[in-house]
């Protein structure tokens with residue numbers, strides 16, 4: 001009986017800690033609906049890409065992260081300008 | 001100073017109880033006469049009665065309890081009986097929880113902790129955003145990984161990265177595949 005009670009108490013604390021961790025780590029819910037929609041579409045697209053394209057995009061991601069911040073900002077600005085022109 | 005009381009000497013087994021009653025003067029006339037007649041012949045029983053006279057006065061007398069004590073004692077007893085009957089009447093629903101005896105407190109505690117855990121999750125964002133924005137097809141490990149979320153958010157830029165760099169005057173990555181180039185060109189067109 002004592003073991004079961006102890007198990008329940010430990011389970012309770014685990015639930016508490018786990019929920020805190022989930023709540024802290026859930027960046028998804030911090031995104032706005034537009035960002036969520038964009039991520040969802042991109043993920044679905046990503047899933048359909050062939051492996052070599054996936055590998056290429058991973059390399060591009062590494063390269064993107066290695067770029068200086070000002071260059072990234074400039075490229076992002078250029079991309080957004082193109083997108084706005086397209087719209 | 002300690003009061004040592006010598007133990008009583010044994011009397012005849014058949015007369016022992018009657019001798020006590022005789023001592024207290026609670027024997028009937030006939031029994032009293034029989035006791036006196038027996039004691040005239042039996043030294044042990046005579047000594048026993050003498051010892052009673054010596055020992056019993058040294059024993060603490062029972063305190064005389066006042067009448068209010070007995071009145072309240074009676075009232076308390078009646079109240080306890082009433083409470084017991086009331087519990088008996090209520091026991092039909094208590095019987096449902098009988099199997100949970102010993103489990104009620106931990107079960108209740110776990111339920112409270114679980115409710116607290118859910119509240120902790122929900123308090124970060126409001127209930128509508130928690131329930132109203134499902135993320136179908138995206139695995140949980142992606143949703144909780146900010147790096148992966150950023151990757152998928154930037155996917156379109158990554159696809160166009162070489163083209164963007166060319167337009168920016170930088171050096172494009174020679175590994176860019178034709179497919180991605182076409183897609184990038186299409187997205188930037």
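Some points to look at:
- Over the range A:41-84: Kirkwood hydrodynamic radius from C-alpha pairwise inverse distances, Å: 11.9 Å
- With N the number of residues in chain A, Rg(Cα) / (2.2 N^0.38 Å) evaluates to 1.79.
- C-alpha long axis of helix A:33-48 to longest principal axis of chain A, angle in °: 80 degrees
- To the nearest ten degrees, helix A:2-25 and the longest principal axis of the Cα atoms of chain A are 20 degrees apart.
- Take each peptide in B:67-77, B:33-43, count the other Cβ atoms within 10 Å of every residue, and average; sorted highest first, the result is B:33-43, B:67-77.
- FRET efficiency, residue A:84 to residue A:46 (Cβ-Cβ, R0 30 Å, nearest 0.05): 0.80
- Helix axis angle, A:51-66 relative to chain A longest principal axis, alpha carbon, degrees: 90 degrees
Bear in mind these aren't lab numbers, they're just calculated from the coordinates by the rules spelled out. Keep in mind the model is a prediction, meaning the values are calculated, not measured. Cβ: placed from backbone, ideal geometry, glycine included. Neighbour counts: every protein chain shown.
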